[in-house]
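The values are calculated or read from the model by the stated rules, or taken from the named source; none is laboratory data. This is a predicted model, so every value here is computed, not measured. FYI the Cβ positions are ideal-geometry reconstructions off the backbone, even for glycines, and counts take in every protein chain you see. These accessible areas exclude ligands, DNA and RNA; they are computed on the full protein's heavy atoms, side chains included. Shrake-Rupley method; radii C 1.70, N 1.55, O 1.52, S 1.80 Å.
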Amino acid sequence: MRYLARSGGLLGYAELVRRHGHDPNALLKAVGLPLTALENPDIYLSYPKLAALYEHTAQVLDEPRFALQLGLRQGLEVVGALGAWLCEKATIGEALYGLQRHLSFHARGIDVHLHSHGDQVELELSLAFAHTSDCQQLMLLSLALLQQGMRELQPNQETATAVWIGAQRPLPSVLRACEEFFRCSVNTTTPRYAIRFPLGLLSRSVAVSPKLRARLQQHWRDDWQLMPMSISSQVARCIAALLPTGDCSLSAVAQLIGLHSRTLQAKLKAEHTSFDACLRQVRLNLACTHLRDSDVDITRLALDMGYGDIAVFSRAFKQWTGFAPSQWRRDKVLTS
């Protein structure tokens with residue numbers, strides 16, 4: 001099986017590694033990841049290699065708490081424009097269910113399972129390749145991001161009530177860091193990764209601060225070198241995030257960007273393109289990436305591309321490339 005994740009998960013990574021006196025480029029090279037992943041948050045990487053990078057980094061830095069340190073530097077920005085979309089949900093429950101449904105498009109191989117336990121709701125993480133890879137740092141980071149996201153969606157609410165970190169007999173420094181980070185009991189009795197919150201939190205309204213909302217919008221409008229992006233690039237990022245939600249209309253994209261639909265169309269026209277052209281190009285790029293580099297089911301991919309019918313997706317893909325999706329995938333696999 002092949003699994004992909006957006007390079008957005010490396011937000012803050014290079015700065016943190018340098019603070020520890022090491023070269024982030026050398027660490028990426030060591031596990032076979034492209035250096036461009038540190039410059040562009042929208043590249044799709046091998047998810048197992050990303051997990052290997054976190055483990056390798058923790059070992060080289062001699063810092064078993066590395067994932068938690070990185071988690072403190074991250075938040076909803078990690079999922080790009082999807083983070084801004086989550087902030088538009090009415091309640092915490094809607095935001096969590098939205099994240100559960102659409103996370104796999106940004107990180108294929110990890111799942112979030114929601115369970116109720118009396119007056120608690122539990123989010124349990126499962127990783128498809130955990131049996132073949134060392135993933136403790138990745139899973140700790142994922143739990144940290146769930147906690148950070150909940151804090152950002154409800155900043156005035158104490159969040160986690162309990163957390164499970166999977167590893168039996170963790171290093172004392174890791175256990176102390178987890179207790180400090182999550183501010184609740186940390187369990188190591190079962191080999192799983194999960195976090196619990198009060199059930200009533202699901203019905204609470206999303207209460208994102210104006211400062212955070214502005215930061216999220218600015219994050220995906222700029223690249224990681226803090227250079228302003230063109231309107232067409234902003235639209236492309238929004239489309240990539242919103243496609244699997246089923247709400248990728250011109251008006252939805254314009255709302256995220258903060259423009260009226262007619263103003264957005266005019267700005268795109270000034271860049272010699274259109275919303276429909278951006279939508280086609282993003283769909284083509286994403287479809288090719290996932291067909292070539294993952295083994296996602298084509299029906300699932302069609303849905304993630306915003307198509308309600310695989311036949312419609314197949315016809316569109318053939319118009320773009322001259323090949324049916326399955327044939328294009330076979331040819332690419334054979335020539336790779």
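For the range 152-181, taking the residues that are assigned to a helix (DSSP H, G or I) and without any contact (Cβ under 8 Å) to a residue 24 or more places away in the chain, the one that is surrounded by the most Cβ atoms within 10 Å (Cβ to Cβ) is identified as Leu175.
Do you know which residues across the range 182-203 are free of Cβ contacts under 8 Å to residues at least 40 places away in the same chain and not hydrophobic (A, V, I, L, M, F, W, C)? Hits for the range 182-203 are Arg183, Ser185, Asn187, Thr188, Thr189, Thr190, Pro191. Screening the range 257-272 for residues that are of a type in the set (Gly, Ala, Ser) and either assigned to a helix (DSSP H, G or I) or open to solvent by 90 Å² or more (accessible area, probe 1.4 Å) (or both) and picking the one that is farthest from Cys87 (Cα to Cα) gives Ala270. Taking the criterion of being surrounded by fewer than 13 Cβ atoms within 10 Å (Cβ to Cβ) and in contact with a Ser or Thr (Cβ under 9 Å, 6 or more places away or on another chain), no residue of the range 186-198 qualifies.
Among the residues making up the range 199-209, those that are surrounded by 15 or more Cβ atoms within 10 Å (Cβ to Cβ) and either part of a loop (DSSP other than H, G, I, E, B) or modelled with pLDDT of 95 or more (or both) are Arg204, Val206, Val208.
Considering every residue within the range 286-302, establish whether at least one is among the aliphatic types (A, V, I, L, M), outside any helix (DSSP H, G or I) and under 19 Å from Lys332 (Cα atoms). For the range 286-302, residues among the aliphatic types (A, V, I, L, M), outside any helix (DSSP H, G or I) and under 19 Å from Lys332 (Cα atoms): present.
Listed here are the residues, each with its yes/no results for (1) open to solvent by less than 60 Å² (accessible area, probe 1.4 Å); (2) among the β-branched types (Val, Ile, Thr); (3) on the phi < 0 side of the Ramachandran plot; (4) touching a residue at least 12 places away in the same chain (Cβ under 8 Å).
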{"site": "Leu28", "(1), (2), (3), (4)": "yes, no, yes, yes"}
{"site": "Pro48", "(1), (2), (3), (4)": "yes, no, yes, yes"}
{"site": "Gln59", "(1), (2), (3), (4)": "no, no, yes, no"}
{"site": "Ala67", "(1), (2), (3), (4)": "yes, no, yes, yes"}
{"site": "Gln74", "(1), (2), (3), (4)": "yes, no, yes, yes"}
{"site": "Glu77", "(1), (2), (3), (4)": "yes, no, yes, yes"}
{"site": "Gly80", "(1), (2), (3), (4)": "yes, no, no, yes"}
